[in-house]
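A quick write-up on the structure given underneath.
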Amino acid sequence: PSRRGLAYYSGRRSRPHPCLAMLQFEVECRTTPGQAVAVVGTGPLGGWDVERGLLLKPDHYPVWTGRVDMVPADGVEFKYVLVDASGPAPKLLRWEQNGENRR
């Protein structure tokens with residue numbers, strides 16, 4: 001689903017847990033009604049389980065954004081996925097076709 005995407009560590013510490021940092025995601029993806037973009041991966045991104053991944057928001061459609069708190073030293077691998085978000089839980093429609101996992 002991603003033609004252009006990025007994730008970056010903001011360096012900003014979260015509160016009330018000063019040992020956590022915020023990881024922000026941004027990807028451009030055109031969808032149809034009922035579809036959404038999510039991030040699935042290791043650690044706080046659902047352990048590769050689409051239903052537990054981070055559902056992004058289309059605040060500036062077609063750009064989807066989201067953020068998650070994580071321990072900076074843990075590192076993370078992820079992929080963007082296209083999901084059917086019309087039901088109670090997101091259902092996988094398509095994995096990002098980008099080969100290697102993003103880091």
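The values are calculated or read from the model by the stated rules, or taken from the named source; none is laboratory data. Source: prediction; values computed, not measured. All Cβ positions, glycine included, derive from the backbone under ideal geometry; neighbour counts span all protein chains shown. We work out accessible area using only protein heavy atoms, side chains counted, and drop any ligands, DNA or RNA first. Shrake-Rupley method; radii C 1.70, N 1.55, O 1.52, S 1.80 Å.
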So which residues in the range 1-34 are at pLDDT below 55, open to solvent by 80 Å² or more (accessible area, probe 1.4 Å) and touching a Pro at 6+ places or on another chain (Cβ under 9 Å), if there are any at all? Tyr9
So, Val39, is that one loosely packed, with under 14 Cβ neighbours inside 10 Å, within 16 Å of Arg103 (Cβ to Cβ) and not polar (S, T, N, Q) or not? no
Looking only at the range 54-81, which residues are among the acidic types (Asp, Glu), touching a helix residue (DSSP H, G or I) at 6+ places or on another chain (Cβ under 6 Å) and more than 12 Å from Leu20 (Cα to Cα)? none
Are any of the residues in the range 35-50 over 28 Å from Cys19 (Cα atoms), modelled with pLDDT of 95 or more, among the small types (Gly, Ala, Ser) and part of a loop (DSSP other than H, G, I, E, B)? no
Whether any residue in the range 74-91 is open to solvent by 60 Å² or more (accessible area, probe 1.4 Å), touching a strand residue (DSSP E or B) at 6+ places or on another chain (Cβ under 6 Å) and modelled with pLDDT of 95 or more is what I want to check. yes
Taking the range 42-66 and the residues there that are closer than 17 Å to Leu93 by Cα and within 8 Å of the chain's Cα centre (by Cα), the one that is surrounded by the fewest Cβ atoms within 10 Å (Cβ to Cβ) would be Leu55
